[in-house]
Structure formats: structure tokens, C-alpha cells
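One structure is given below, encoded as C-alpha cells.
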Amino acid sequence: MKYLSTRGHADRKRFCEILLEGLAPDGGLYLPESYPQVDDATLTKWRNLPYADLAFEILSLYIDDIPADDLRAICRKTYTEAVFGTKEIVPLRQLENGLYLEALSNGPTLAFKDMAMQLLGNLFEYELARRGEQLNILGATSGDTGSAAEYAMRGKQGVRVFMTSPFGRMSPFQQAQMFSLQDANIHNLAVKGVFDDCQDIVKAVSNDLDFKRQYKIGTVNSINWARLVAQVVYYFAGYFQATKNNSEKVSFTVPSGNFGNVCAGHVARMMGLPIDKLVVATNENDVLDEFFRTGVYRVRGSADTHETSSPSMDISKASNFERFVFDLLGRDGAKTKALFGEQLGKTGQFDLSQDPAFAQAHQRYGFSSGKSTHANRLATIKDTFERFGGMIDTHTADGLKVAREHLSAGVPMIVLETALPIKFASTIVEALGREPDRPAKFEGIEQLPKRVTVLEADVQAVKAYIVANCK
């Protein structure tokens, strides 16, 4: 299996090369040269596998430069009941006829990012030990990626984490999860700006190839293919739980800001998983909803990025979207580079509404979208609690609200749960008049001492910090 850049770079690389690299040399994102195809017999064989073994089967289609026994051991080490709380790892719960929640937030940091990040931590440690090398991970988080990465990498040999986050923009619980970690290999950098400023800094450092090579910079953001392919597994797991045989289709609704989570669904669908619709749910920062409705992808500036009660989706530049557009445009690297590498930088938008390919987003690739607001979130959280006795977080509420607008008779709709409610306690209190449940291990976390450095939204400032702390 070889990987190529969405922007047409001539290089073709193996999995373990791109595992530690992040962006391609031309600023593009890596994708496999082709998607492995899964037939009916394979789906039947996989249907009753334990999650860790299902993960091995899927990942082994994309990873052929780690011995099979080693990869299987890594998967079994990662996906355990002890770490994720249940034997199923991602149990499915029916809310009402045809509508399900898939629980992805029972890992160490109570967010779906753990599903991939726990695997990534083990893959990094394995590959770095095999090479006798070190890696400095530079990341950006709007809330959950950071804590998931830090909990997955803390104490790992050969790895340092430098995690940027928007200063004051995360919930108190999210900040406490990250900033309370005292491990020497974990560095929190609170950037004076919004998430997109953090993401721009990560991309700028990744595009400085000399600096990247000298300081061995890698990434754990969803621009890293390894993270995305790990997320493909729970689409298969959800499908198997919601169906009895392979002739049935399901749809998924995915709360989305950076397009990584739903892009994994796109990959699963391209592999042959019987997915009817992939529904993108946005909050007030509705860049992706606008595209799927109109064909116009219009990035917002910092001043126009709303601060909402589903903050992990407060993103106006979806870094993974390039992967889907590359497929949408028939894998035309030159055209993708012109849109993302040139036009977006100049005008802040591109328009595919008149391109024949745009209709394929719905017709061939199954995408739909919708938007949810603060009032919708409150109403959905209240309704879910009163009717079903379940407490959901704000992002999952966005997903549920939009999912109900896209139900089709006879097709199960699975909403991907993204975090536990405790991470967004103030909105839960506003909706329900009571505090959300808090796992015992997180009691008093907001009062713990914090290790964090506040920096300006400046690439040079972040580089200087990395240099000073790589000694």
C-alpha cells in the first residue's frame, strides 16, 4: 500500500513513513493510492469479531510495513475493556425507532478522539523504538484532540507533545484535563486567538521542511492519516451492531468541524461499507453545511468564527475537507492544489457550484448536511433526558437535531456521540438545571495545579518555544 499527496506530489510513501510525517512535502494530505474493497464475504467474516480484531483486519489493509503479529498485538493492547469501559468498546444504543447513538466517548479523556489517539500513541512508540528515533508532536486543539493526544502520549518513550489551543476558548473541564498534566514530555501552549490560528501555526511549521526535519516535527491532528484510518473501524462496528445482514444499509450523522470524523465515514463507504447517507452536522460555524448546500466553500476569519456551546466545532477552516474534495474532483492533484494551495489563500473561498462534480457529493458520495444552534442544543439535550433518561453533550445534541431532519424509512440512522456531558457542564446546567454526572477519577480536576504557557498567535513564537524545549 502506497500513499500519495492530495496536491499531486510525485512521491509515493509507505504507512510508517507518513505516520511520523503529517503533511506531504507540497502541503497536501496523504491518502492511499486506492481504497481497498471489502466484499460481502469479508463483511460476513468480520461481523462478529471483537473490536480489537476488527481493527486489525481493517488496519492491515492499509498497513503492510508492520508485521501482522505486531500490528495485531498493538490493536489488542489498545482496544481493551479496561481502557474503554465495555466489551463492545463502541456500544450502540437505540433511542427510538430507527435512531441510534454510538458511544465513542468512554476512553481516558471522555471524547471520541481517544478511539484513534490511543492507537496512535502505541503506533508512535512502536515505530520510534524500531527506528531508535525521537518525535516532537505539534498539534492544535479546539478541546478534545489535545487531551486525547496528551493522555495517549504521556510518559511514552521518544515522544514530546507541544499542543496549541485557543486561549480561554475551551470549557473549564477541557482546560483542566490538559493543563493539569505534569508529565515532562507534555507542553501546553495557549495561543491568543481562535482554533484556526492554532491550526494555521501547525500547518506553517509543518510546511517549513527544514525546521520540520531538524526538530523531527510530527502531528496528531486529523491531518495525520493514521488517526483517520483508526476512526474507520467504528463505522464498521456501528454498522454490524445496527444490522442483521449485509443487504441492509445504514446512515451516519456526524457532528463535524474539521471534517476528520466524517471523512473516516467517507473512507468506510468508499471501501464498500453499505452506508446510505453521511450527514454532516455543524453548529453556528456552518462552513461545511454551506458547502454541501451551495457548492461554495467560504472560510471565515477569526472575527467571524462564533464562540458557541459546542466549542470543539468552532472551526471555520476544515483541514480534512481537502481529502474529500480530492476524491470529488476525480483525484486531480493539480486542481486540488489550485483550490487549497492557492485560491483559498488569496480569496478565502472557492465555488464548485457550477462544476459537474459538485452534484456527485450527494449522488455518488452520499453527503448531506444541516445546522444546529444553541437553542437547538438546549432543546435536544432536554428532550433526550426527559424522553430517554440519557444525558448527552452539546456536540452530540447538534448531531441528533440534524439527524432527525435526514431520517429515511427502513434505514437505521446512527449518530456518533462525540463526548461525555461533563466536558460542557455549564450548558448541561442551562438545559437541565442540574450538573452532569462526573466520573470519579475527574473529581476536583479544575482545582489541580496547571502547566501552561500563553503565547501570541505567532509562528516564530511557537518555533522558539519548541527549540528551547527540545534540549
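The values are calculated or read from the model by the stated rules, or taken from the named source; none is laboratory data. Note that the structure is a prediction, hence the values are computed from the model and not measured. Every residue, glycine as well, gets a Cβ built from its backbone with ideal geometry; the counts of neighbours run over all protein chains shown.
From L120, L61, L104, grab the single residue that is in contact with a Phe, Trp or Tyr (Cβ under 8 Å, 6 or more places away or on another chain) and of a type outside the set (V, I, T).
Every option except L104 fails the conditions.
Among strands (runs of 3 or more DSSP E) lying entirely in the stretch 212-302, which contain 1 or more residues that are closer than 26 Å to A24 by Cβ, of a type in the set (F, W, Y) and not assigned by TED's automatic domain parsing to the domain that holds G146?
Here the list reads 296-298.
Only one of these is aliphatic (A, V, I, L, M), outside any loop (DSSP other than H, G, I, E, B), in contact (Cβ under 8 Å) with a residue 60 or more places away in the chain and out of contact with any helix residue (DSSP H, G or I) (no Cβ under 7 Å at 6 or more places or on another chain): A176, A190. Name it.
None of the other options fit; the residue is A190.
Quick grid of which residues meet (1) buried (at least 21 other Cβ atoms within 10 Å of the Cβ); (2) assigned to a loop (DSSP other than H, G, I, E, B); (3) outside the structural domain of A242 (by TED's automatic domain parsing); (4) not basic (K, R):
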position: K337; (1), (2), (3), (4): yes, no, no, no
position: K346; (1), (2), (3), (4): no, no, no, no
position: N376; (1), (2), (3), (4): no, no, no, yes
position: R387; (1), (2), (3), (4): no, no, no, no
position: V402; (1), (2), (3), (4): yes, no, no, yes
position: I422; (1), (2), (3), (4): no, no, no, yes
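For residues that are more than 23 Å from D196 (Cβ to Cβ) and polar (S, T, N, Q), scanning just the stretch 315-372, find the one that is farthest from the chain's Cα centre (by Cα).
Q354
Any residue in the stretch 47-67 that is surrounded by fewer than 18 Cβ atoms within 10 Å (Cβ to Cβ), modelled with pLDDT under 95 and of a type outside the set (D, E, K, R)?
No, the conditions are met nowhere in the stretch 47-67.
May I ask you to list the residues in the stretch 30-41 that are over 18 Å from R269 (Cβ atoms) and crowded, with 18+ Cβ neighbours inside 10 Å?
Residue satisfying the conditions is Y30 alone.
What are the residues in the stretch 394-416 that are closer than 17 Å to D314 by Cα and acidic (D, E), if any?
D398
Considering the stretch 210-260 alone, what residues qualify as being at pLDDT below 95, among the polar types (S, T, N, Q) and within 11 Å of the chain's Cα centre (by Cα)?
Matches in the stretch 210-260: N221, S222, N224, S256, N258.
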